[in-house]
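Below is one structure, written out as structure tokens; comments come after it.
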Amino acid sequence: MAGLVYFSTKSGNTRRFVEKLGLPASRIPLNRSDPPLQVETPYILVVPTYGDGDPRSAVPAPVIRFLNDEHNRSLIRGVIAGGNTNFGEAFGLAGRVVANKCRVPLLYRFELMGTAEDVHRVLAGVTEFWKRSA
Amino acid sequence: MDMPTSAARHLNRVDAINWNRLQDDKDLEVWNRLTGNFWLPEKIPLSNDIPAWNTLTEHEQQLTIRVFTGLTLLDTIQGTVGAPVLIEDALTPHEEAVFTNISFMESVHARSYSSIFSTLCATRDVDDAYRWSEENPFLQKKAELILERYRSEDPLMRKIASVFLESFLFYSGFYLPMYWSSRAKLTNTADLIRLIIRDEAIHGYYIGYKFQRQLAQLPAERQEEIKIYAYELLHELYDNEVKYTEALYDDVGLTEDVKKFLHYNANKALMNLGFEALFPASVTDVSPAILAALSPGSDENHDFFSGSGSSYVIGKTVSTEDEDWAF
Ligand SMILES: Cc1cc2nc3c(=O)[nH]c(=O)nc-3n(C[C@H](O)[C@H](O)[C@H](O)COP(=O)(O)O)c2cc1C
Ligand SMILES: [Fe+2]
Ligand SMILES: [Fe+2]
């Protein structure tokens, strides 16, 4: 089974969600000064939503930089978005933007660090997803 | 409680704030989103709700006004006591500035309920509801439970109480305008409430984030004690919140669904503090109409793992003209 790539800021919600999944995962570094992440196998991206409610600002800049790398981009297979339904129409917007830009499916949205139910669904979903695309 | 106050609780000197020298870049990120979100009730055409208001029964109108006076009380507390004590506890000048924004926005929230009242309601009915809220033991108790913590002089307890106010206690009230909106009633009022709900998300997130940063500095046993304390306070607030909910919603038969909404939001409040959710999925299944009213349009492209589709859906085009993207 291929892996996960995720991004998380200092509040660490997405990191905690990914840790609860317990699947192999690589983290996109927070700072420009860190060495950039390069992936070699197909992956699902887990990304929190930021910005001001506009699609142009929803995806965190380090994730954009990661996807601007053509090789990294060629290996993305799906996206899972973090967010909070309180943001209304902008809930999980980063997932919709990445899905659209990279022409991959938006697989799931979860809030904050995710509940046990979210973990359960994503584990089942991811397993099934890789089986199908094998 | 003997909390270490060592963490330089007060900025004992006032230095001119420099936004180009940040100790914590979250401060600027949150400041930008909060100021970008700025709104005033005048921008919402509330008077378009007058016809819908007149279709509500007298009892439904009374319930709605009572719910809004309850929300007004919480925003008043947060604007005049909660956010100001958090300013005192701030560790950086930028954090102080963020809390001044939060404090002011709470006053905008509190003020906007009065705009709804003056647009839709008879003065006498509103006066009655204010009297009701002053006398309702559960509303008064929830205010007291929070104010007690705010008076405790303990930065971590204050933040726990504050996150519970921002991310949990409002929701017995927010339910009703979402319910009306799902029935195509008071939709402009619902637009205004959604602006408040969005603000509260950032408030809860930010206060919870600052809480976690401070908590992480403490020894493990102390962290564990504080976590237990947080769950205890949540239970105490929850027990009272259930009674408040019953007092309001039993007559209209909505209590059970409101409770699910409480559970759902209690989980999110805990997560804002960095703690695991408490209520299992079996009691957080808020009716889909309410969730759709909360984030309208965001479920157009259902996510695949939720099991609603048989093929993967790729999002509809959203414009992302931006220099950052290189493709
Ligand atoms: C400034 C700011 C803006 C946000 N904007 C959105 C948003 O537009 N839509 C959304 O669903 N969530 C939004 N969120 C919520 C975050 O996506 C959510 O808290 C997430 O769990 C953060 O992940 P992280 O802790 O891994 O960085 C926002 C949070 C912040 C602080
Ligand atoms: Fe508020
Ligand atoms: Fe608030």
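The values are calculated or read from the model by the stated rules, or taken from the named source; none is laboratory data. Please read all numbers here as calculations on a predicted model, not as lab measurements. So basically every Cβ, Gly included, is an ideal-geometry build from the backbone, and we count neighbours across all protein chains shown.
Residues checked against (1) among the aliphatic types (A, V, I, L, M); (2) under 15 Å from the mean Cα position of the chain (by Cα); (3) away from ligand 1 (no atom under 16 Å from the Cβ):
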site	(1), (2), (3)
B:Gln78	no, yes, yes
B:Thr100	no, no, yes
B:His109	no, yes, yes
B:Ile116	yes, no, yes
B:Arg124	no, no, yes
B:Ala129	yes, no, yes
B:Lys141	no, no, yes
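Residue-by-condition table, conditions (1) touching a Pro at 6+ places or on another chain (Cβ under 9 Å); (2) more than 12 Å from ligand 3 (Cβ to nearest atom):
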| residue | (1), (2) |
| --- | --- |
| B:Lys159 | no, yes |
| B:Glu200 | no, no |
| B:Phe211 | yes, yes |
| B:Gln217 | yes, yes |
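Of the residues B:Glu95, B:Glu88, only one is in a helix (DSSP H, G or I), more than 10 Å from ligand 2 (Cβ to nearest atom) and within 14 Å of another protein chain (Cβ to nearest Cβ); which?
B:Glu95
Please count how many residues of region B:84-121 are surrounded by fewer than 24 Cβ atoms within 10 Å (Cβ to Cβ), free of Cβ contacts under 8 Å to residues at least 60 places away in the same chain and under 28 Å from B:Leu46 (Cβ atoms).
Final tally of qualifying residues: 8.
Can you report the number of residues in region A:80-123 which are hydrophobic (A, V, I, L, M, F, W, C), buried (at least 24 other Cβ atoms within 10 Å of the Cβ) and more than 9 Å from chain B (Cβ to nearest Cβ)?
2
Hey, can you tell me all the residues within region A:49-75 that are over 30 Å from B:Ser167 (Cα atoms) and either without any contact (Cβ under 8 Å) to a residue 60 or more places away in the chain or surrounded by fewer than 21 Cβ atoms within 10 Å (Cβ to Cβ) (or both)?
So the first thing to find is which residues in region A:49-75 are over 30 Å from B:Ser167 (Cα atoms), and the list is A:64-75.
The answer is A:Ile64, A:Arg65, A:Leu67, A:Asn68, A:Asp69, A:Glu70, A:His71, A:Asn72, A:Arg73, A:Ser74, A:Leu75.
Of all residues in region B:185-232, how many are small (Gly, Ala, Ser), touching a residue at least 40 places away in the same chain (Cβ under 8 Å) and within 24 Å of B:Leu291 (Cβ to Cβ)?
Qualifying residue count, region B:185-232: 3.
Of all residues in region B:192-250, which are in a helix (DSSP H, G or I), within 14 Å of chain A (Cβ to nearest Cβ), of a type in the set (Gly, Ala, Ser) and under 12 Å from B:Leu273 (Cα atoms)?
Result: B:Gly204, B:Gly208.
Could you tell me whether any residue of region B:56-67 is modelled with pLDDT of 95 or more, touching a Gly at 6+ places or on another chain (Cβ under 8 Å) and more than 16 Å from ligand 3 (Cβ to nearest atom)?
yes
Between a first residue in region B:30-50 that is within 12 Å of another protein chain (Cβ to nearest Cβ) and a second residue that is within 16 Å of ligand 3 (Cβ to nearest atom) and of a type in the set (Phe, Trp, Tyr), which pairs have beta carbons less than 6 Å apart while being 6 or more apart in sequence or on different chains?
Taking only residues 6 or more apart or on different chains, the pairs are B:Val30/B:Tyr206.
Scanning region A:1-56 for residues that are among the basic types (Lys, Arg) and in a loop (DSSP other than H, G, I, E, B), which turns out farthest from ligand 1 (Cβ to nearest atom)?
Step one: of region A:1-56, the residues among the basic types (Lys, Arg) are A:10, A:15-16, A:20, A:27, A:32, A:56.
So of that shortlist, the ones also in a loop (DSSP other than H, G, I, E, B) come out as A:10, A:32.
Numbers: A:Lys10: 7, A:Arg32: 17 Å.
Among residues in region A:1-56 that are among the basic types (Lys, Arg) and in a loop (DSSP other than H, G, I, E, B), the one farthest from ligand 1 (Cβ to nearest atom) is A:Arg32.
Criterion first (farther than 21 Å from B:Phe170 by Cα and of a type in the set (D, E, K, R)) does B:Asp24 satisfy it?
Working: farther than 21 Å from B:Phe170 by Cα: yes; of a type in the set (D, E, K, R): yes.
Spelling it out, B:Asp24 is indeed farther than 21 Å from B:Phe170 by Cα and of a type in the set (D, E, K, R).
Could you please find all residues in region A:13-24 being more than 14 Å from A:Thr127 (Cα to Cα), touching a residue at least 12 places away in the same chain (Cβ under 8 Å) and either within 14 Å of chain B (Cβ to nearest Cβ) or out of contact with any Ser or Thr (no Cβ under 8 Å at 6 or more places or on another chain) (or both)?
Listed by number, the residues that qualify are A:Asn13, A:Thr14, A:Arg15, A:Arg16, A:Phe17, A:Lys20.
What number goes with the only condition from (1) touching a residue at least 12 places away in the same chain (Cβ under 8 Å); (2) farther than 23 Å from B:Ala289 by Cβ; (3) out of contact with any helix residue (DSSP H, G or I) (no Cβ under 6 Å at 6 or more places or on another chain) that B:Tyr179 does not pass?
(2)
Please indicate, with yes or no, whether at least one residue in region A:26-42 is closer than 23 Å to A:Arg121 by Cα, away from chain B (no Cβ under 11 Å), of a type in the set (A, V, I, L, M, F, W, C) and touching a helix residue (DSSP H, G or I) at 6+ places or on another chain (Cβ under 8 Å).
No, every residue in region A:26-42 fails to be closer than 23 Å to A:Arg121 by Cα, away from chain B (no Cβ under 11 Å), of a type in the set (A, V, I, L, M, F, W, C) and touching a helix residue (DSSP H, G or I) at 6+ places or on another chain (Cβ under 8 Å).
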